[in-house]
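Peer 1: What follows is a structure written as C-alpha cells; I'll ask about it next.
The values are calculated or read from the model by the stated rules, or taken from the named source; none is laboratory data. Here the structure is a predicted model, which is why all the values come from computation and not from measurement. All Cβ positions, even for glycine, are placed from backbone atoms using ideal geometry, and neighbour counts span all protein chains on display. Note: accessible area is taken over every heavy atom of the protein model, side chains too, but ligands, DNA and RNA are not part of it. Shrake-Rupley method; radii C 1.70, N 1.55, O 1.52, S 1.80 Å.
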Amino acid sequence: MNQIFVQIASYRDPELLPTIRDCIAKAKYPERLTFGICWQRDETESLEEFTYDPRFRIIAKHWRESKGLCWARSLIQKLWKGEKYTMQLDSHHRFLQDWDEILIDMMEMTKSPKPIITAYAGMYRPSDNTLLNHEPYKMVASNFTSGGTILFRPHHIENWESLKAPIPARFVSGHFFFTYGIHCEEYKYDPNIYFAGDEISLAIRSFTLGYDLFHPHYTVVWHEYTREGRTKHWSDFVPGNNVEKPWWEMDNDSKRRLRHMLREENNGIDLGEYGLGDVRTHTDYELYAGIHFANRKLHPDTLRGIDPPTNDYSNWHILVEKEYHYVLNIPLVDDFKFIYIGIEDNKGNVLFRQDIQEYTPQIMAQFKSFDPPYKWVYWPVSSKGEWMERIDTQF
C-alpha cells in the first residue's frame, strides 16, 4: 500500500493543527497517511484531538528542551516505520486536493529510480486560508553568506502551464520535499546543524546518495512565509530566558560543521554518518549545480536559474567579477511588512537583494557580478502579506 510518512517539525506554532487538518482533508487516501511530529510546545498548546489516532507518532518536548531545527527533524526520522513514501513539511502549510496521489504520479513521471520532488511552496494567508498564488517556483541561488551557507530565492517557472512533468532542480527545500521513505534511513539529519545550511546540506548529501532532484511543474503545497504570530526559536534562546545555550552559539558551531562538510574549509571535524554519500561525489554535485564551494562562487547559469545540469569544466569560478556600488533612495510607504530592494541585469536576473523591515531613506548596495546592473526594483509587501505596487527604475 502507498503509505506516506508525513514529517512535521513544529516550534510553538499555532498553525500546526490547521496544517494537519488540511493535510488530511485534502488527501485522496487519508487512511494511508501516518504522521511523525516533533512537537516543541508551550503550556497553551494541545494536540488532544490526535493523541489516540493510530496514524500519529508524536514526540512532545517543552520548547526549552529544543536544540534547533535539524535536531527536531533527526528525532522525527526515527519514527519512520517503513512507509513507502515520505513528505517533509514545516508546520504551516495548505494543500491541493488529492495532493498525495498527485505527488506519487509526479515521482513516476521523472523516470528516476530515486527522485525527490521539492520546491519553495506557494504562499497562503492563515487568517482566511487564501492561496495567494498558483505559479510553481524553482529554487535559485542568490549568494554565499559570510558563514558559508547559500541563500536561495523563489523564481517562477517559465511556461509552467505547458509542462507535462517535473523539471530538474539543483536544491532541496527544507519546508517541502516528497520522496521514498527510505530517505529517512539513508539521509540521517545531523542534529548539530541548527537552522541555516539545512537546505544546501539536503541538496548535496541527497545528491551524493544517488537521489535526483526535481521541482514540481505546478503548485501542490502552500507555505506561510511571514512567521507572523509565531514565536521564533532564536527569539526564545537568548540569555536570561533560562535556556542552556543561546542560539548564536548553536548557529556558530553548526556553520563550522557545514563548512567542513561542503569542503569550504577543513576544520578536522569527524562528521561520521552525517557526511556525503558514496554514489556520487562532491565534485559531481559541484559540476551538476554550478557551484564552487572552496571559492564560494556560483556559476552565472546557477544565478540565472537555468535548469541543471551545468557540467562546466571551465575556470569560471576563478574569473574576476566586477564590483558595483550604488546609493539607492527609498520612497516612503506606510503600512508595510518589508520592502524588497533588488538590482537586476537586463534579463531580469537578480544581482543584489535586500529586504528592508524598517524604513530608511537610503541604502548602500555593494556587490560583485559577472553581469552589469540594468535596473533596481522597489517592491513593498503590506502588513497583510500582500505584494504592493512594484516600481522598476533603470540605471
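Peer 1: What number of residues within the range 287-312 are acidic (Asp, Glu) and within 21 Å of residue 158 (Cα to Cα)?
Peer 2: Of the residues in that region, 2 qualify.
Peer 1: So, residue 371, is that one assigned to a loop (DSSP other than H, G, I, E, B), farther than 22 Å from residue 133 by Cβ and open to solvent by less than 70 Å² (accessible area, probe 1.4 Å) or not?
Peer 2: yes
Peer 1: Then there is this: Would you pick out the residues in the range 272-322 that are of a type in the set (A, V, I, L, M, F, W, C), part of a helix (DSSP H, G or I) and in contact with a strand residue (DSSP E or B) (Cβ under 9 Å, 6 or more places away or on another chain)? Outline the logic, then answer.
Peer 2: At the first step, the residues of the range 272-322 found to be of a type in the set (A, V, I, L, M, F, W, C) are 276, 279, 287, 289, 291, 293-294, 298, 303, 306, 316, 318-320.
If we keep only those that are part of a helix (DSSP H, G or I) too, we end up with 287, 289, 303, 316, 318.
Scanning the range 272-322 gives 289, 303, 316, 318.
The rows are residues; the columns are (1) of a type in the set (A, V, I, L, M, F, W, C); (2) open to solvent by less than 10 Å² (accessible area, probe 1.4 Å); (3) over 23 Å from residue 198 (Cα atoms); (4) out of contact with any Gly (no Cβ under 6 Å at 6 or more places or on another chain).
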{"site": "24", "(1), (2), (3), (4)": "yes, no, yes, yes"}
{"site": "31", "(1), (2), (3), (4)": "no, no, yes, yes"}
{"site": "38", "(1), (2), (3), (4)": "yes, yes, no, yes"}
{"site": "51", "(1), (2), (3), (4)": "no, no, yes, yes"}
{"site": "60", "(1), (2), (3), (4)": "yes, no, no, yes"}
{"site": "63", "(1), (2), (3), (4)": "yes, no, no, yes"}
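Peer 1: Follow-up question, since we're still on this one. Just wondering, is there one or more residues in the range 110-125 that are touching a Gly at 6+ places or on another chain (Cβ under 8 Å), charged (D, E, K, R) and in a loop (DSSP other than H, G, I, E, B)?
Peer 2: So far as the range 110-125 goes, yes, one or more of its residues are touching a Gly at 6+ places or on another chain (Cβ under 8 Å), charged (D, E, K, R) and in a loop (DSSP other than H, G, I, E, B).
Peer 1: When you look at residue 216, is it surrounded by 14 or more Cβ atoms within 10 Å (Cβ to Cβ) and touching a helix residue (DSSP H, G or I) at 6+ places or on another chain (Cβ under 7 Å), yes or no? Can you show your working first?
Peer 2: Working: surrounded by 14 or more Cβ atoms within 10 Å (Cβ to Cβ): yes; touching a helix residue (DSSP H, G or I) at 6+ places or on another chain (Cβ under 7 Å): yes.
The answer is yes for residue 216.
Peer 1: Ok, one more. Could you list, in sequence order, the residues of the range 75-127 that are of a type in the set (Val, Ile, Thr), out of contact with any His (no Cβ under 9 Å at 6 or more places or on another chain) and either open to solvent by less than 10 Å² (accessible area, probe 1.4 Å) or closer than 23 Å to residue 190 by Cβ (or both)?
Peer 2: 76
Peer 1: Which ones in the range 342-365 are exposed (fewer than 10 other Cβ atoms within 10 Å of the Cβ) and part of a strand (DSSP E or B)?
Peer 2: 362, 364
Peer 1: If we keep just the residues of the range 190-213 that are aromatic (Phe, Trp, Tyr) and buried (at least 23 other Cβ atoms within 10 Å of the Cβ), which is farthest from residue 178 (Cα to Cα)? So that I can check it myself, show each step before the final result.
Peer 2: At the first step, the residues of the range 190-213 found to be aromatic (Phe, Trp, Tyr) are 194-195, 207, 211.
When the remaining residues are screened for being buried (at least 23 other Cβ atoms within 10 Å of the Cβ), the result is 194, 207, 211.
On the way: 194: 22, 207: 14, 211: 12 Å.
Across the range 190-213, the extreme among qualifying residues is 194.
Peer 1: Does residue 143 satisfy being open to solvent by 10 Å² or more (accessible area, probe 1.4 Å), touching a strand residue (DSSP E or B) at 6+ places or on another chain (Cβ under 7 Å) and at pLDDT below 95?
Peer 2: Judged against the criteria, residue 143 is a match.
Peer 1: If residue 303 meets every condition in (1) open to solvent by 30 Å² or more (accessible area, probe 1.4 Å); (2) within 13 Å of residue 369 (Cα to Cα); (3) among the hydrophobic types (A, V, I, L, M, F, W, C); (4) without any contact (Cβ under 8 Å) to a residue 60 or more places away in the chain apart from one, which number is that one?
Peer 2: It is condition (4) that residue 303 fails.
Peer 1: In the range 8-20, is there at least one residue being under 15 Å from residue 90 (Cβ atoms), basic (Lys, Arg) and open to solvent by less than 40 Å² (accessible area, probe 1.4 Å)?
Peer 2: no
Peer 1: If you go through the range 65-74 one residue at a time, how many are within 20 Å of residue 177 (Cα to Cα) and either assigned to a helix (DSSP H, G or I) or open to solvent by 30 Å² or more (accessible area, probe 1.4 Å) (or both)?
Peer 2: Our first condition is that a residue be within 20 Å of residue 177 (Cα to Cα); within the range 65-74, this holds for 68-74.
Then drop every residue that is not either assigned to a helix (DSSP H, G or I) or open to solvent by 30 Å² or more (accessible area, probe 1.4 Å) (or both), which leaves 69-74.
So the answer is 6.
Peer 1: Residue 173 fails exactly one of the following numbered conditions: (1) touching a strand residue (DSSP E or B) at 6+ places or on another chain (Cβ under 7 Å); (2) over 18 Å from residue 281 (Cα atoms); (3) outside any loop (DSSP other than H, G, I, E, B). What is the number of that condition?
Peer 2: Result: residue 173 fails condition (3) only.
Peer 1: Hey, another quick one. Can you work out which of the residues in the range 263-287 that are touching a helix residue (DSSP H, G or I) at 6+ places or on another chain (Cβ under 7 Å) and hydrophobic (A, V, I, L, M, F, W, C) is surrounded by the fewest Cβ atoms within 10 Å (Cβ to Cβ)?
Peer 2: Result: 279.
Peer 1: Still on this structure: Starting from residues that are in a strand (DSSP E or B) and under 27 Å from the mean Cα position of the chain (by Cα), keep the ones in the range 374-390 and report whichever is surrounded by the most Cβ atoms within 10 Å (Cβ to Cβ).
Peer 2: 380
Peer 1: Does residue 172 fit the bill of being closer than 18 Å to residue 135 by Cβ, buried (at least 18 other Cβ atoms within 10 Å of the Cβ) and not charged (D, E, K, R)?
Peer 2: So residue 172 does not fit the description; no.
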